[in-house]
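This report refers to the structure that appears directly beneath it.
The values are calculated or read from the model by the stated rules, or taken from the named source; none is laboratory data. Since the model is a prediction, treat every value here as computed from it, not as a measurement. In this analysis, Cβ positions are derived from the backbone assuming ideal geometry, glycine residues included, and neighbour counts consider all displayed protein chains.
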Amino acid sequence: MTERPDSLLLEGEIEVVGRMPWSSNATLLVTVQGDDGVAKAVYKPGRGERPLHDFPAGIFRREVAAYELSAWLGWDLVPATVVRTDAPHGPGSLQRFVEADFDAHYFTLYESDEHHDQLRRICLFDLLANNTDRKGGHCLLDSTGHIWAIDNGLSFHHQFKLRTVIWEFAGEPMPRDLLDDVVRILDEGPPERVAELLDPLEADALQARARAILAEGHFPVDETGHRYPWPLV
């Protein structure tokens, strides 16, 4: 299982450094300081969200739900993310900042076969979470070679809305070990920490997607050519 967020992320004092560029919603780089030291994090306040016609307010909770799902599956894809109600601009999500090669993105990472297994895991995760906005720049490569999936707020809608740049694995069998993890959602039900952050219909839809993934067993093919986000990176 992925390690739970530490006390620094949960309780540390938050100081805003500045706004992150190229974000449609308010996305702030902050420092978090406490007895355990100081660290950088990404803070997304609910009050800075742009209203959407197909998602309710509180997108930041879906960022946390994505982390909780990744952690529950043991896939270690989403950096530790928590809800902070005492943050400087009101309640929002706080996610550990990833020190990454910001020149790298999905399309450059795919060029190396050594990354394919990690990218397949992100692809399956996005199917399960129903990610509607997986851009290439949302795949971050850290100094250890680990790929992190960030910007997961537009996920978990009860209607199928998948939009992603990851289609290179279309038609391939899904890895058996990953499917074995997905089986747990049917055996145990939606993870409690995830269900708490969604409405009941969305939690039920997560379980329905797990059932559909297991029944199909192959990565889907986009026959429409429309299931891409914009911009791509």
Subject >> Filter result (out of contact with any Lys or Arg (no Cβ under 9 Å at 6 or more places or on another chain) and either modelled with pLDDT under 95 or under 23 Å from residue 64 (Cβ atoms) (or both)) within segment 172-181 >> reply: 181
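For every residue, the table says whether it meets (1) in contact with an Asp or Glu (Cβ under 8 Å, 6 or more places away or on another chain); (2) within 18 Å of residue 78 (Cα to Cα).
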site	(1), (2)
105	no, yes
109	no, yes
129	no, yes
139	no, yes
153	yes, yes
165	no, yes
168	no, no
**OP:** Starting from residues that are crowded, with 18+ Cβ neighbours inside 10 Å, over 13 Å from the mean Cα position of the chain (by Cα) and not aliphatic (A, V, I, L, M), keep the ones in segment 153-168 and report whichever is farthest from residue 67 (Cα to Cα).
**Re:** 163
**OP:** Restricting attention to segment 16-46, report how many residues are of a type outside the set (A, V, I, L, M, F, W, C) and out of contact with any strand residue (DSSP E or B) (no Cβ under 8 Å at 6 or more places or on another chain).
**Re:** 6
**OP:** Go over the candidates 90, 74, 171 one by one and state the one that is out of contact with any strand residue (DSSP E or B) (no Cβ under 7 Å at 6 or more places or on another chain) and surrounded by fewer than 21 Cβ atoms within 10 Å (Cβ to Cβ).
**Re:** 74
Original post:
Which condition does residue 18 not pass, out of (1) surrounded by 12 or more Cβ atoms within 10 Å (Cβ to Cβ); (2) farther than 28 Å from residue 168 by Cβ; (3) over 18 Å from the mean Cα position of the chain (by Cα), if it passes all the others?
Top reply: (1)
Original post:
Can you name the number of the only condition in (1) surrounded by fewer than 19 Cβ atoms within 10 Å (Cβ to Cβ); (2) over 13 Å from the mean Cα position of the chain (by Cα); (3) over 23 Å from residue 204 (Cα atoms) that residue 141 fails?
Top reply: (1)
**OP:** Can you work out which of the residues in segment 43-63 that are touching a Phe, Trp or Tyr at 6+ places or on another chain (Cβ under 7 Å) and crowded, with 22+ Cβ neighbours inside 10 Å is nearest to residue 18 (Cα to Cα)?
**Re:** 44
Subject >> Single residue of segment 7-43 satisfying the filter (among the small types (Gly, Ala, Ser), touching a Gly at 6+ places or on another chain (Cβ under 7 Å) and part of a loop (DSSP other than H, G, I, E, B)) that is nearest to residue 63 (Cα to Cα) >> reply: 26
**OP:** Mind listing whichever residues of segment 183-201 are surrounded by 13 or more Cβ atoms within 10 Å (Cβ to Cβ), on the phi < 0 side of the Ramachandran plot and either assigned to a loop (DSSP other than H, G, I, E, B) or under 16 Å from the mean Cα position of the chain (by Cα) (or both)?
**Re:** 190, 191, 193, 194, 195, 196, 197, 198
